[in-house]
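Report on the following structure.
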Amino acid sequence: MTPFDFRPRTRVLFGTGEFTRLGEVAREMGGTRCLLVADPGILEAGYAKEAIRTLKARRMDVVAFHEFSVNPTSSMIEAGAEFAAPSHVDLIVSVGGGSSMDCAKGINFLLSNGGRIRDYWGYGKATKPMLPMIAVPTTAGTGSEAQSYCIVTDPDSKTRMACGDAKATFRAAILDPRLTVSQPRALAAATGYDALSHALETLVTTRHTALSECFSRSAWRLISGAYERMLDDPEDLGARGAMLLGAHFGGLAVENSMLGAAHACASPLTARFGVPHGVAVSLMLRQTVRWNRPVAGARYDELGREGLEDRLSRMAEAAGLPMTLRDVGIDTESLPGLAEEAASQWPGKFNPRPLDAAGALEMYQWACE
């Protein structure tokens, strides 16, 4: 069996209504001056105001940063650090989806260790302690609250930089299904499919272990059982809770076993054509399962009697997600360049079948059919 070294770093509070405990948890960490990182959508939904209220009820000073968007860039993160620095914050709270959590981690690198975010591209480059952080995810998707990496886009090259460090892990995560109900259906569909992909990719990577497999299988069971229910009845808190907890388990699986070719092929679609990450993954996941079958078919088949590729197609159709690359405006002439870029992506290095440009091109061609 593959050796592993598992060090749980994140306290998890799960359940409807747990968001109200944010101020209590922050105070237990010794926080007095808080930076709240929440995207404009969270501000509009009222969750940022609710977070500020519960933090101030515990006599905390709060400054809030909202000036970033989906796939935050290095310039956005550097602007956030510059905004927060004069307040000398001692705690960071992220409320939102993967972008809010990525932004919070990136800002933490700079507030704690200085420099530019590019300096932390890779793993373990923070030499000083980092500020404690609390994550409150409002989407069931990335599972970033369970991971030590943030993904930052370079605005010039469009490169997605993975910046990771054990010190960048959230100290606590509050998983409240109520907060995911306000997601637009299309966002819930895309982020949920991303969470599903984490369960499947981590199950077969070259880094998977007996421990990560527990998280992968739990994530698959929860998400595959709740995905259509959540879309059919957005107010179903049972389904929302299963999605949120499944996404968290998927994030734990990623942290302990990495990802694979679906994410490697999805990244250039986002970087070059602006395809939302969850949509890009949904387009490539079933192609990856098909391509990996010669080496990973037995593990895929353990997940149920129904053919996995057919199951994934039906879930995407039920969600109204695009079914081919042509549906998102990508023609065959672009495929060779995308394949070259996909072959160089970091997640592909852990795919069970070694990924090269020829393999990526084959999957892109299937995704056009």
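Across the stretch 56-83, the qualifying residues are those that are of a type outside the set (Phe, Trp, Tyr) and crowded, with 24+ Cβ neighbours inside 10 Å, and the one among them that is nearest to Ala271 (Cα to Cα) is Pro72. Of everything in the stretch 214-269 that is acidic (Asp, Glu) and more than 18 Å from Ala316 (Cα to Cα), the residue that is surrounded by the most Cβ atoms within 10 Å (Cβ to Cβ) is Glu255. Would you confirm whether any residue within the stretch 167-175 is of a type in the set (A, V, I, L, M, F, W, C), in contact with a helix residue (DSSP H, G or I) (Cβ under 7 Å, 6 or more places away or on another chain) and part of a loop (DSSP other than H, G, I, E, B)? Taking every residue of the stretch 167-175 in turn, at least one turns out to be of a type in the set (A, V, I, L, M, F, W, C), in contact with a helix residue (DSSP H, G or I) (Cβ under 7 Å, 6 or more places away or on another chain) and part of a loop (DSSP other than H, G, I, E, B). Surrounded by fewer than 22 Cβ atoms within 10 Å (Cβ to Cβ), assigned to a strand (DSSP E or B) and not aliphatic (A, V, I, L, M) - does that describe any residue in the stretch 108-128? Checked against the condition, which is being surrounded by fewer than 22 Cβ atoms within 10 Å (Cβ to Cβ), assigned to a strand (DSSP E or B) and not aliphatic (A, V, I, L, M), the stretch 108-128 yields at least one hit. Scanning the stretch 129-149 for residues that are farther than 16 Å from Asp194 by Cβ and in a strand (DSSP E or B) yields Met133, Ile134, Ala135, Val136. Is it true that Ala318 is within 24 Å of the chain's Cα centre (by Cα) and either outside any helix (DSSP H, G or I) or buried (at least 18 other Cβ atoms within 10 Å of the Cβ) (or both)? It is false that Ala318 is within 24 Å of the chain's Cα centre (by Cα) and either outside any helix (DSSP H, G or I) or buried (at least 18 other Cβ atoms within 10 Å of the Cβ) (or both). For the stretch 132-152, the condition of being more than 25 Å from Leu22 (Cβ to Cβ), surrounded by fewer than 17 Cβ atoms within 10 Å (Cβ to Cβ) and either within 18 Å of the chain's Cα centre (by Cα) or of a type in the set (Asp, Glu) (or both) holds for none of the residues.
Report whether or not Arg27 is among the charged types (D, E, K, R), more than 18 Å from Gln147 (Cβ to Cβ) and in contact (Cβ under 8 Å) with a residue 40 or more places away in the chain. It is false that Arg27 is among the charged types (D, E, K, R), more than 18 Å from Gln147 (Cβ to Cβ) and in contact (Cβ under 8 Å) with a residue 40 or more places away in the chain. Does Arg221 meet the test of being assigned by TED's automatic domain parsing to the domain that holds Leu321 and assigned to a helix (DSSP H, G or I)? The answer is yes for Arg221. Scanning the stretch 325-335 for residues that are within 15 Å of Ala280 (Cα to Cα), hydrophobic (A, V, I, L, M, F, W, C), at pLDDT 95 or above and in a loop (DSSP other than H, G, I, E, B) turns up at least one hit. Out of Val63, Val89, Val70, one residue alone is out of contact with any Lys or Arg (no Cβ under 9 Å at 6 or more places or on another chain) and within 30 Å of Asp156 (Cβ to Cβ). It is Val70. I need a count of the residues in the stretch 277-303 that are touching a residue at least 12 places away in the same chain (Cβ under 8 Å) and surrounded by fewer than 20 Cβ atoms within 10 Å (Cβ to Cβ). The qualifying residues number 6. Taken together, the residues in the stretch 179-217 that are assigned to a loop (DSSP other than H, G, I, E, B) and among the hydrophobic types (A, V, I, L, M, F, W, C) amount to 1. Regarding Gly297, is this residue under 25 Å from Ser157 (Cα atoms) and assigned to a helix (DSSP H, G or I)? Judged against the criteria, Gly297 is not a match. Of the numbered criteria (1) touching a residue at least 60 places away in the same chain (Cβ under 8 Å); (2) in contact with an Asp or Glu (Cβ under 7 Å, 6 or more places away or on another chain), the one Phe350 fails is (2). Taken over the stretch 13-44, the criterion of being in a helix (DSSP H, G or I), under 18 Å from Thr180 (Cβ atoms), modelled with pLDDT of 95 or more and not charged (D, E, K, R) is satisfied by Phe19, Thr20, Leu22. For the stretch 154-190, filtered to residues that are crowded, with 22+ Cβ neighbours inside 10 Å and of a type in the set (Ser, Thr, Tyr), the residue that is nearest to Met29 (Cα to Cα) is Thr169.
Within the stretch 255-267, is there a residue that is in contact with a helix residue (DSSP H, G or I) (Cβ under 7 Å, 6 or more places away or on another chain), hydrophobic (A, V, I, L, M, F, W, C), under 15 Å from Leu196 (Cβ atoms) and not in a loop (DSSP other than H, G, I, E, B)? Yes - at least one qualifying residue is present in the stretch 255-267.
The values are calculated or read from the model by the stated rules, or taken from the named source; none is laboratory data. This one's a predicted model, so the numbers in the text were calculated from it and none came from an experiment. Don't worry about glycine lacking a Cβ; one is built from the backbone with ideal geometry, like all the others, and counts go over all protein chains shown.
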